[in-house]
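Peer 1: Quick one: the structure is below, questions incoming.
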Amino acid sequence: MGGSAATLMPLIDAIRSHVFAAERIHADDTTVPVLAEGKI
């Protein structure tokens, strides 16, 4: 897991820079079911 995180860090940094360079950041807070209905 640590290896993939290190490999993806340049991509993460690029996305972060792109997002925070924007004047506004829009988010969608729509909920999604995580568990199937009736499951605990």
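Peer 1: I'd like to know which of THR31, PHE20, SER4 lies farthest towards the positive end of the charge dipole of the chain, counting +1 on Cβ of Lys and Arg and -1 on Cβ of Asp and Glu.
Peer 2: Value: SER4.
Peer 1: From the backbone phi of the stretch 19-32, what are the Karplus-calculated ³J(HN,Hα) couplings (6.51 cos²θ - 1.76 cosθ + 1.60, θ = phi - 60°) in whole Hz, Gly and Pro given as x?
Peer 2: 5, 6, 7, 6, 5, 9, 10, 9, 9, 10, 9, 5, 7, 10
Peer 1: Using only alpha-carbon positions, what ratio does the radius of gyration of the chain give when scaled by 2.2 N^0.38 Å?
Peer 2: Normalised Rg, Cα atoms only: 1.83.
Peer 1: Turning to a different aspect of this structure: So what's the back-of-envelope 222 nm ellipticity for the chain, counting only DSSP H runs of four-plus at -39500 (n - 2.57) apiece and dividing by all residues, rounded to 500?
Peer 2: Taking each H run of at least 4 residues, the total per residue is -16000 deg cm²/dmol.
Read-outs throughout are calculated quantities, based only on the coordinates presented, and are distinct from any laboratory measurement. Everything numeric here is computed off the predicted structure, so don't read it as measured data. When we count neighbours, we look across all protein chains shown, and the Cβ atoms used for this are built from the backbone with ideal geometry, even at glycine.
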